[in-house]
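Following: one structure in structure tokens, then a few remarks.
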Amino acid sequence: MKTNIVIIDDHQLFREGVKRILDFEPTFKVVAEGDDGAQAVTLVEQHKPDVVIMDINMPHLNGVEATKQLIETYPDTKVIILSIHDDESYVTHALKTGANGYLLKEMDADSLVEAVKVVADGGSYLHPKVTHNLVKEYRRLAVPSGYGAPANPLAVMEIRRPLHILTRRECEVLQLLADGKSNRGIGDDLYISEKTVKNHVSNILQKMNVNDRTQAVVVAIKNGWVEVK
């Protein structure tokens, strides 16, 4: 079965580039394109896509507001936000509005394809750099303020690798996920192929009983399984 996709972006050259990448994937089909958030609801109504890829900065109606309207009208719509902003406030706002994914426009082709597959399957996907920034913000919020306050629990927490459920190699991959590494970056660090990395990530998600890599990182942080840098 094909994954039907609608692309909404006001920059034609960028939109065409995204479409070209997606067209190389045999299981994807771009069914419509638009250049404004106001078109999103109309195109979704017409084409009933599985995934909408939406730019965050557009005239008339931005991507976040368009996502909000889409979710209110079509609650099962899956939206991936495209953005140049890696600040956690943008990410949090987009996710609270109902987006299932958040990609930076500096993404590579593999990240785009992976994000569409994960979101189409019901998961969520954040650009690795965004995940890393959220982890840093989580750590910052955990630091108590005021003179004489106790030490940051994340800073002094003993790291206990989850060897009871993961292999040593999977623990290494999990740490690199928390560091904000992409699959390609993990492969480069561990001298293994991207395909092998994808297999490790899939095994980690299954063993940790989570839907996506972001959830895996959050669970790992809470349990003290990874170092927060």
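Among the residues of segment 9-21, are any buried (at least 22 other Cβ atoms within 10 Å of the Cβ), in contact (Cβ under 8 Å) with a residue 24 or more places away in the chain and under 18 Å from the mean Cα position of the chain (by Cα)?
Restricting attention to segment 9-21, the residues satisfying the condition of being buried (at least 22 other Cβ atoms within 10 Å of the Cβ) are 9, 18.
Now narrow it down to the ones that are in contact (Cβ under 8 Å) with a residue 24 or more places away in the chain: 9, 18.
Of the ones still in play, those that are also under 18 Å from the mean Cα position of the chain (by Cα) are 18.
Among the residues of segment 9-21, at least one is buried (at least 22 other Cβ atoms within 10 Å of the Cβ), in contact (Cβ under 8 Å) with a residue 24 or more places away in the chain and under 18 Å from the mean Cα position of the chain (by Cα), which makes the answer yes.
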Of all residues in segment 219-228 being in contact (Cβ under 8 Å) with a residue 12 or more places away in the chain and part of a helix (DSSP H, G or I), the one that is farthest from Lys117 (Cα to Cα): Ile221
Kindly indicate whether any position in segment 157-172 is under 26 Å from Ile80 (Cβ atoms), modelled with pLDDT of 80 or more and surrounded by fewer than 19 Cβ atoms within 10 Å (Cβ to Cβ). no
Close pairs from segment 169-183: first in contact (Cβ under 8 Å) with a residue 60 or more places away in the chain, partner part of a loop (DSSP other than H, G, I, E, B), Cβ under 8 Å, at least 6 apart: Ser182/Asp108
Any idea which of Lys181, Lys195, Lys229, Lys207 is at pLDDT below 80, open to solvent by 60 Å² or more (accessible area, probe 1.4 Å) and at negative phi? Lys229
Scanning segment 77-118 for residues that are outside any loop (DSSP other than H, G, I, E, B), of a type in the set (D, E, K, R) and surrounded by fewer than 22 Cβ atoms within 10 Å (Cβ to Cβ) gives Glu88, Lys96, Asp110, Glu114, Lys117
Asp121 is checked against (1) surrounded by fewer than 22 Cβ atoms within 10 Å (Cβ to Cβ); (2) touching a Phe, Trp or Tyr at 6+ places or on another chain (Cβ under 9 Å) and fails just one. What number does that condition carry? (2)
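Yes or no, residue by residue, for (1) among the hydrophobic types (A, V, I, L, M, F, W, C); (2) more than 18 Å from Lys129 (Cβ to Cβ):
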| position | (1), (2) |
| --- | --- |
| Val18 | yes, yes |
| Val31 | yes, yes |
| Gly34 | no, yes |
| Pro49 | no, yes |
| Glu106 | no, no |
For segment 210-226, what are the residues that are in contact with a Gly (Cβ under 6 Å, 6 or more places away or on another chain) and open to solvent by less than 20 Å² (accessible area, probe 1.4 Å)? Asp212
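The values are calculated or read from the model by the stated rules, or taken from the named source; none is laboratory data. Quantities reported herein were computed from a predicted structural model and do not represent experimental measurements. Note: ideal-geometry Cβ built from the backbone for every residue, glycine included; neighbour counts use all protein chains shown. What goes into the accessible areas is simple: the full protein's heavy atoms, side chains included, and nothing from ligands, DNA or RNA. Shrake-Rupley method; radii C 1.70, N 1.55, O 1.52, S 1.80 Å.
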